[in-house]
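The values are calculated or read from the model by the stated rules, or taken from the named source; none is laboratory data. On a predicted model such as this, the values are computed, not experimentally measured, just so you know. Here the Cβ positions follow ideal geometry from the backbone for every residue, glycine too, while neighbour counts run over all protein chains shown.
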Amino acid sequence: MKLIVGLGNPGEKFINTRHNLGFMVVDEYVKKHLGPKIIWESSKDFKSEMLKLSNDLWLVKPQTFMNHSGVAVENICRYYKINPSDLIVIYDDLDLPLGKIKIRMGGSAAGHHGVESILERLGKDGFIRIRIGIGNLKSKMAEQKDHLFDANRFVVDDFDQSEKSKIRHAVKQSINALDVLIKDGLEKVQTQFN
């Protein structure tokens, strides 16, 4: 069984924020494969919204807020006996240029609190990450000019109008990458999308 986890924050006020890119991707993935009127099942036990796409594929949106994503992921992985190698986590990445996708197995959290939480709760690595860039010119210019750049605030802001086209494209690319990853494996998807 494979588990695809989109990271984000629950609640209306976070829907279009940069930190909710993982939620956006799994929502669009579901629309592509099941249609627009599917309702996610809310699970209090797993502190998540969940959707069974097939007998061996589940999609998950943790409802624990980003910094505690590992609580939901650990509960689900433990209950269903899911190995880290069968876990795919999709999330925003401030260190990647806006709209760029990077796919890899394992590695550090690189300051992403949702991934830190998952690593801490699972106690081991070895899961696949689909990272989507949210870095932009404003953040880089602030760093270069020694201005204070509040990353915590930046990630919970909505995308600027000028960013939306690149983000829509990145979401589509991430969905295509997920399809290739599930069908053909990690090496093929990395060759095609990295």
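Here the condition is being in a strand (DSSP E or B) and either surrounded by fewer than 23 Cβ atoms within 10 Å (Cβ to Cβ) or touching a residue at least 40 places away in the same chain (Cβ under 8 Å) (or both); of Glu28, Glu74, Glu49, it holds for Glu49 alone.
When the range 97-117 is limited to residues that are in contact with a Leu (Cβ under 8 Å, 6 or more places away or on another chain) and in a helix (DSSP H, G or I), the one that is nearest to Leu87 (Cα to Cα) turns out to be Val115. Among the residues of the range 1-25, the one identified as assigned to a helix (DSSP H, G or I) and among the β-branched types (Val, Ile, Thr) is Val25. The number of residues in the range 77-119 that are surrounded by 17 or more Cβ atoms within 10 Å (Cβ to Cβ) and at positive phi comes to 1.
Of everything in the range 150-194 that is within 20 Å of Phe14 (Cα to Cα) and outside any helix (DSSP H, G or I), the residue that is modelled with the lowest pLDDT is Asp150. Taking the stated definitions as given, is Ile38 of a type in the set (A, V, I, L, M) and either assigned to a loop (DSSP other than H, G, I, E, B) or within 25 Å of Gln161 (Cβ to Cβ) (or both)? Answer is yes for this residue. For residues that are part of a helix (DSSP H, G or I) and either of a type in the set (A, V, I, L, M) or in contact with an Asp or Glu (Cβ under 9 Å, 6 or more places away or on another chain) (or both), scanning just the range 54-68, find the one that is surrounded by the most Cβ atoms within 10 Å (Cβ to Cβ). It comes out as Met66.
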